[in-house]
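What follows is a short report on a single structure.
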Amino acid sequence: MDMGGGMDAAAGTVLLGLPWLLLALVAWRSARRPRAFAHLEHPVSVIISAPTVEFASVTPQPDSAEAVSPPTPPTPLISEADQEGALLLTIAAAKAVDDDAVVSSASVELARLLIARSARQDASQHLHAAVVAARRSNLPGTHAAARIELAELAYRDGDLTTACEHWQMAKLMFHETGRRTDRDRVADVMRQHRCPTDWVLTNF
């Protein structure tokens, strides 16, 4: 038996089958390798693309409610009776806390409303209260305003002497506070009515 010839034949057989063995081994290893996109239904067709973004105009557009402003409703008119009631409440509250500034100014405003509807006696009482409160708290402007209203009431009642006294006091108040225009206006009224310029009230 030729042993050399047999070995050569076996070696040739191995060499011929070696490529097929390598292919089988590669296939087996590939089958055991984990799939990176196994969770995707179609891994080969996955395409990553940036989304298209459309930008709106940067100028803000007003809402329909703002585009056309509704007309401003008219301010409801407050009757004189309501104004008088509100001023009375204001005066009462101010008196409760000894706020002479509010008492005097609100009393003058209330008196003017009362004069407008010819409630002269009530107006006079509130003006006197205004004078007392203004004098107590050193409020010459409000004091002078109350004096002028009292002068007008006295003049309408035919009491020129009392009217001149109130005008004189108002003029002095305006002079002390540097309100020259108001002082000169009162002085003109006094000249028109020939009031003495040296009269002052002694009791009130």
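Scoring ARG194 on the criteria (1) out of contact with any His (no Cβ under 8 Å at 6 or more places or on another chain); (2) among the charged types (D, E, K, R); (3) open to solvent by less than 40 Å² (accessible area, probe 1.4 Å) leaves a single failure, condition (3). Only residues that are aliphatic (A, V, I, L, M) and within 21 Å of ALA123 (Cα to Cα) were counted in the stretch 156-185, giving 4.
Just to be sure, is ASP182 free of Cβ contacts under 8 Å to residues at least 24 places away in the same chain and out of contact with any His (no Cβ under 6 Å at 6 or more places or on another chain)? Criteria not met by ASP182.
The values are calculated or read from the model by the stated rules, or taken from the named source; none is laboratory data. Given the structure is predicted, the values throughout are model-derived calculations rather than measurements. As a convention, Cβ positions derive from the backbone with ideal geometry for all residues, glycine included, and neighbour counts pool all protein chains shown. The accessibility values were calculated without ligands, DNA or RNA, using every heavy atom of the protein model including side chains. Shrake-Rupley method; radii C 1.70, N 1.55, O 1.52, S 1.80 Å.
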